[in-house]
1. Quote the FRET efficiency, to the nearest 0.05, computed for Leu88 versus Ala141 with a Förster distance R0 of 22 Å and r equal to the Cβ-Cβ distance.
2. For the range 130-136, just list the computed ³J(HN,Hα) in residue order, Karplus coefficients 6.51, -1.76 and 1.60, θ = phi - 60°, integers in Hz, with x standing in for Gly and Pro.
3. Testing the spin-label approximation: label points 7 Å from Cα along Cα→Cβ at Lys60 and Glu116. State their distance in nm.
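Where a number appears in this text, it was derived from the coordinates with a stated rule and is not lab data. The shown structure was predicted, so the numbers you read here are calculated from the model rather than taken from an experiment. We place every Cβ from the backbone using ideal geometry, glycine too, and count neighbours over all the protein chains shown.
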Amino acid sequence: GAWIRVRTPPDAPAVTGHTLAVCASAVFLGRTAATVGAALYAVAALAGLPVYRGYRGVHKPTIGYVVGFSACAWLAGSGKAKPLAVFLRCCVGQFATLLIGSVWLIFPGYAETLPEAWTLGVRPYLRGALVKALLVSLAAACGEAVPWLSWRAGKWGLGLLAPLLFWRVICSDPVQRWIQWLDETSVADVWAWEPRGTKTD
């Protein structure tokens, strides 16, 4: 999820796939496995392992969010895997992560008050959180409609195979070039693009 970055309009921060991966693992692999996995990810990041895209370790402003992934996994993975319930739990879990991350911004001095922390660390990410919760709930709906695609396959080992295959696809050169293009291209650049050989005023 750290390698997925979608460039939003220039006045908003980039949306990553961190909480998308956390919510998906909580829903399809179970609350316990997802919470332990999120905790191990936080330990790896804080220890300086290259689990982020482009740099080692974790930046100080994002420590609170990384620690909050465990809370997101615990909340998103509790309950039945019905699409509407999954959507609501993923929203609650991501909101908890954003709250923990925004409160952390006060300690290093990136924000001085709670309202400022809310403005910097929560509000810009709410729309992305809704989209990611919707994606996970749609996946749960597909699993409910086609039982052999559901989380029950994890009992036969496919729960481990699917993340490995997904990771292999994400790390492939074509996908990485596409992700890099998304990371370097803003919405304004896309709308301003014109074929070669044309002239504008």
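1. For R0 = 22 Å, the calculated efficiency reads 0.95.
2. Listing the rounded values in order: 5, 5, 5, 5, 5, 4, 5 Hz.
3. In this crude label model, Lys60 to Glu116 measures out at 1.5 nm.
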